[in-house]
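The numbers here are math on the coordinates, done by the rules we state, and not lab data. All values derive from a computational prediction rather than experimental measurement. Here Cβ is always computed from backbone atoms with ideal geometry, including for glycine, and neighbour counts include all displayed protein chains.
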Amino acid sequence: MSEGAWTAIDEYVAEQLIGDDAALDAALAASAEAGLPAIAVSPPQGKLLHLLARSIRARSVLEIGTLGGYSTIWLARAVGEQGRVLSLEADARYAGVARANIARAGFAETVEVRVGPALDTLALIAAEGPAPFDLVFIDADKVNTPEYFRWALPRTRPGGLIVADNVIRGGTIGDPQSGDPGGLAARRLHEMLHGEPRVSATTIQTVGLKGYDGFTLMLVE
Ligand code: SAH
Ligand code: DHB
Ligand code: MG
């Protein structure tokens, strides 16, 4: 099985289980048009986030790393009329593209995109007072994934989920000598999770149109 087959099968799955989706297709097209990198979650992964959020009846979602708002739209569709998605993005231009995509998808009132380095924005959010999240999706600069997890853990309600994307990174997580800072950060995340009683976690390796990667799923106890 080659990367070509992984992509074809992701496309087959999307065709059968997702189908044509005008808002998501438009978001990807506008993101490509604006020159954003094609690193959004794949359609099957986007739907997984959506299903996870619905499974726990999430109403309050935090996303770290908006890009063009593709995963944001999947999450916004899960939280219901009263639900809220807060999404953090360092790049003001990307955030502008995302806001337009999100508005076109009908979620201007559901989603707030905040611009700035996420660690700074998170410090401000923490100072605003208690805001327990039902689900946190960590998908920004991979070196800071452990810090985002550290921030999210006490702010995610028991029974809530934290999902960290891109923890396998072509397998660099398995090699401490790889020199990949993201791989080392993924190892740090796993060291934090080892023996951490406040979460129960697993990591799933994935193949698909984004190559060989994976995600960590954490249930807050
Ligand atoms: N979640 C998106 C993809 C995010 S790609 C999706 O699946 O559709 C990662 C994003 O994180 C990029 O847009 C990048 O600009 C942003 N990013 C990188 N460093 C960041 C930081 N320190 N704070 C906030 N966002 C950051
Ligand atoms: C990158 C970021 C992502 O969120 C992703 O899914 C793949 C790649 C990146 O920064 O290269
Ligand atoms: Mg990602």
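Placing a label point 7 Å from the Cα of VAL143 along the Cα-to-Cβ line, the residues of region 110-129 whose backbone N sits under 17 Å from it are 117-120. In a DSSP loop and with at most 11 other Cβ atoms within 10 Å, the GluC sites (Glu not before Pro) in region 58-142 are GLU81, GLU109, GLU128.
Taking only the Cα atoms of the chain, the ratio Rg/Rh comes out at 0.94, with Rh defined as the Kirkwood radius.
Relative contact order of the chain, taken over Cα pairs closer than 8 Å and 6 or more residues apart, is 19 percent. Tell me whether region 2-73 comes out rounded, prolate or oblate; compute the Cα gyration tensor, take square roots of the eigenvalues as a ≥ b ≥ c, and use a/c under 1.5 as the rounded threshold. Oblate, since a/c reaches 1.5 and b/c is not below a/b.
Phi angles of region 130-142 translate, via the Karplus equation with coefficients 6.51, -1.76, 1.60 and θ = phi - 60°, into HN-Hα couplings of x, 8, x, 9, 8, 8, 10, 10, 9, 8, 10, 5, 5 Hz per residue; Gly and Pro are given as x.
Basic side chains Lys and Arg get +1 at the Cβ, acidic Asp and Glu get -1 at the Cβ, and with that the dipole of the chain about its Cα centre reaches some 580 debye. Within the listed set GLY129, GLY106, GLY183, the residue fluctuating most in the Gaussian network model of the chain (springs between alpha-carbon atoms under 10 angstrom) is GLY129.
Adding -39500 (n - 2.57) for every DSSP H run of four residues or longer, then dividing by how many residues the chain holds, sets the calculated 222 nm ellipticity at -12500 deg cm²/dmol. Here the spin labels are modelled as points 7 Å beyond Cα on the Cα-Cβ line, and at SER200 and ILE18 they lie 3.0 nm apart.
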